[in-house]
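The values are calculated or read from the model by the stated rules, or taken from the named source; none is laboratory data. Bear in mind the structure is a predicted one, so any value in this text is a computation, not a measurement. Here the Cβ positions follow ideal geometry from the backbone for every residue, glycine too, while neighbour counts run over all protein chains shown.
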Amino acid sequence: MALPGKEPTIAHVASISVECADCGRNRWWRPDQLKRFGVTGNTPLSALSGRIVCSACRADGLPGTAISIQAAFVDERQRVRSEARMLSDRDVPLEGSRRA
């Protein structure tokens with residue numbers, strides 16, 4: 001998450017959900033997939049609505065700007081817990097033990 005008093009940027013999110021109010025299309029994008037819209041890691045989340053458009057609506061000749069954006073933030077503690085769980089669940093043979 002962002003520091004208290006600072007606006008969150010695209011670098012603080014794991015993914016972005018973009019839904020078009022006109023056609024109902026919904027897509028999940030990772031931050032690196034937003035480069036074509038001029039979005040960098042320092043781009044504030046509040047600036048996304050002016051940059052992202054619905055490509056399906058644009059293809060039909062509509063403006064494609066009636067979108068809603070929802071961010072899924074990175075939770076570092078959850079990532080560390082899941083990695084530790086994954087490592088503890090691995091089948092690692094102990095030295096000197098034989099497998100049947």
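Values as computed for the structure displayed
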item	result
Subset tally (residues that are more than 18 Å from P8 (Cα to Cα), assigned to a helix (DSSP H, G or I) and out of contact with any strand residue (DSSP E or B) (no Cβ under 8 Å at 6 or more places or on another chain)) for segment 43-68	3
Cβ pairs under 9 Å, 6+ apart, first in segment 27-40 and at positive phi, second surrounded by 10 or more Cβ atoms within 10 Å (Cβ to Cβ)	G38/R51
Matching residues, segment 15-42, being in contact with a strand residue (DSSP E or B) (Cβ under 6 Å, 6 or more places away or on another chain) and of a type in the set (K, R)	R27, R30
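Conditions (1) among the basic types (K, R); (2) assigned to a helix (DSSP H, G or I); (3) at pLDDT below 90, marked per residue:
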residue: K35; (1), (2), (3): yes, yes, yes
residue: G41; (1), (2), (3): no, no, yes
residue: Q70; (1), (2), (3): no, no, yes
residue: R79; (1), (2), (3): yes, yes, yes
residue: A84; (1), (2), (3): no, yes, yes
residue: L87; (1), (2), (3): no, yes, yes
